[in-house]
Each structure stands twice: as structure tokens, then as C-alpha cells.
Amino acid sequence: MARKRQADPAKINKILKDRGYKNGEPPRGYEAHHIKSLAEGGKDTYRNIRVIKTAKHRQIHKNRRKRGEE
Ligand SMILES: [Zn+2]
């Protein structure tokens with residue numbers, strides 16, 4: 001099995017800067033999320049990255065794991 005692709009922090013940082021986030025960091029209590037997961041071929045692109053609340057983020061990934069998607 002291929003090694004799971006990792007997100008590129010530098011790319012995400014630039015995307016968040018372009019969106020106007022200070023230092024390219026999500027605000028406290030928020031995280032950057034890939035709409036289409038890396039496991040499904042999602043990329044570190046402007047359109048595929050969203051900033052969402054940490055709690056919601058955890059829930060999304062919990063659900064994906066339940067469905068065996070990651
Ligand atoms: Zn995520």
C-alpha cells in the first residue's frame with residue numbers, strides 16, 4: 001500500500017495568506033481542511049482548502065474513518 005500523501009504546510013500557509021488570514025494561520029479554534037481528502041486525490045489547492053471549526057473538523061474526519069475513507 002502506498003504511503004499516505006501528506007499535506008504540504010507551505011502551500012496551505014500560502015492559501016490562507018491569500019485568503020487574508022494573518023500569518024497564513026487559521027484563527028484560534030479553527031483548522032484548515034481538505035474538502036476532497038488527500039486519500040481521495042484531493043490537493044493542497046485554493047478551492048480544496050476550507051477553514052472550519054476544530055470541533056467540526058474532528059467530526060468530519062471521524063465520519064470519514066467510519067466510512068473507511070481514510
Ligand atoms: Zn480535514
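Readers should treat all values here as calculations from the given coordinates under stated rules, not as data from a laboratory. If you're wondering where the values come from, they're calculated on a predicted model, not measured in any experiment. Note that we place each Cβ from the backbone using ideal geometry, even for glycine, and neighbour counts take in every protein chain shown.
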Using only Cα atoms, find the angle between the long axis of helix 9-18 and the longest principal axis of the chain, and express it within 0 to 90 degrees, rounded to the nearest 10.
-> 50
What stretch of the chain, leaving out the sites themselves, is the longest with no trypsin sites (Lys or Arg not before Pro) in a DSSP loop having at most 16 other Cβ atoms within 10 Å?
-> 44-66
For every helix of n ≥ 4 consecutive DSSP H residues, a contribution of -39,500 (n - 2.57) applies; sum these over the chain, divide by its total residues, and give [θ] at 222 nm rounded to the nearest 500 deg cm²/dmol.
-> -10000 deg cm²/dmol
By how many degrees, between 0 and 90 and to the nearest 10, does the Cα long axis of helix 54-66 differ from the longest principal axis of the chain?
-> 20
Percentage relative contact order, the chain, counting C-alpha pairs under 8 Å, at least six apart | 28
What the Cα atoms of region 9-66 span along the principal axes, largest first and in whole Å, is 34, 25, 15
Relative to the Cα centre, what is the charge dipole magnitude of region 9-66, using +1 at the beta carbon of each Lys and Arg, -1 at the beta carbon of each Asp and Glu, and rounding to the nearest 20 debye?
-> 220
Amide H of ILE49: which non-local residues (sequence gap of 5 or more, or other chain) have their own amide H closer than 5 Å, using H built in the peptide plane?
-> ILE35
Working out 0.36 nm times the residue gap between GLN6 and ASN63, then minus their Cα-Cα distance, what length gain in nm do you get to one decimal?
-> 18.6 nm
